[in-house]
1. So, restricting to helices (runs of 4 or more DSSP H) that lie completely within the range 1-64, which ones have at least 1 residues that are closer than 21 Å to ASP81 by Cα, at pLDDT 90 or above and under 22 Å from the mean Cα position of the chain (by Cα)?
2. Can you go through SER80, SER98 and tell me which one is of a type in the set (S, T, N, Q), in contact with a Phe, Trp or Tyr (Cβ under 9 Å, 6 or more places away or on another chain) and more than 18 Å from PRO145 (Cβ to Cβ)?
3. How many residues does the range 114-147 hold that are in a helix (DSSP H, G or I), of a type outside the set (Ser, Thr, Tyr), surrounded by 17 or more Cβ atoms within 10 Å (Cβ to Cβ) and more than 16 Å from the chain's Cα centre (by Cα)?
4. Tell me, please, whether a residue that is at pLDDT below 95, within 19 Å of the chain's Cα centre (by Cα), surrounded by fewer than 16 Cβ atoms within 10 Å (Cβ to Cβ) and within 27 Å of LYS113 (Cβ to Cβ) can be found in the range 151-164.
5. Only residues in the range 64-84 that are within 18 Å of LEU31 (Cα to Cα) count as the first member; pair them with residues that are part of a helix (DSSP H, G or I) and polar (S, T, N, Q), Cβ under 6 angstrom, at least 6 apart or cross-chain, and list the lot.
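The values are calculated or read from the model by the stated rules, or taken from the named source; none is laboratory data. Because the structure is a prediction, the values reported are computed rather than measured. Glycine also receives a Cβ, built like all others from the backbone with ideal geometry; neighbour counts cover every protein chain displayed.
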Amino acid sequence: MKTDPAAAAAFLQEILPIITQASERLELAQLWVTADPSAALDTFRTLAPAETLNARLNQALPTAAAADPLAAASAALMISDPVVRGQTVAKVGFQWGSRSPEEAIDWAASLPKGCEQSMAIRNIYRAWAINQFESATTSLGRLEPALRDQALVGIIHERMNNSPSVAASLGLRVNDSPTRAELLHSVFQRWGRSNPAEASAWLQKSALPQALQTQLKARIP
């Protein structure tokens, strides 16, 4: 599976018909999904019990993104349960963003506006920032304001624990005021405890509205 997913997929497809145990057929079909989701998903859906299908897809599709990210992402959007669908889209977006972030962003930008698109953008950029922070932040200029805000959410959440000053500065670039305030509150909740002097100095130099500065100061011991 790790060294030659195409060969693994071909083997699984060949061996699946001769397996008699239903549970083993299901496990093999799930492995097949991770190796070749385009070919395996229809068979997998016929074998998985309806009550566990969403959970099984949530487990298989993020791994499947390594073999065929577009197929995995498309299948994630077809999950019936909205909570599981959002979780799976986020996971697939993160995996795709870890490997081919620009392709992943093109896919996410094409989605209908809404929760799934926002979660995809956030997690693609979270993964992108882990591996290539400079290229991730440079690419923000290609996005329209609403998508750029979601991308910044992903990057800031990735940076706020280890680089809070960077996370706070990125927060200033968020266009939507409530989202910007929420992110800065999250950053200062951590930064205020880990390095209160640095957090206070940054806040004094910022041009944030006075009301928000007062709220953020309350996060600093």
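1. Passing ranges, in order: 22-35, 37-47, 50-64.
2. Answer to the selection: SER98.
3. 0
4. No: the range 151-164 contains no residue that is at pLDDT below 95, within 19 Å of the chain's Cα centre (by Cα), surrounded by fewer than 16 Cβ atoms within 10 Å (Cβ to Cβ) and within 27 Å of LYS113 (Cβ to Cβ).
5. Short answer, once both residue conditions are applied: ALA64/THR34; ALA65/GLN95; ASP68/SER38; ALA71/SER38; ALA76/THR88.
This table checks each residue for (1) of a type outside the set (S, T, N, Q); (2) surrounded by 15 or more Cβ atoms within 10 Å (Cβ to Cβ); (3) free of Cβ contacts under 8 Å to residues at least 12 places away in the same chain.
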site	(1), (2), (3)
THR3	no, no, yes
ILE15	yes, no, no
THR20	no, no, yes
LEU26	yes, yes, no
ALA35	yes, yes, no
SER38	no, yes, no
LEU41	yes, yes, no
ALA48	yes, yes, no
THR52	no, no, yes
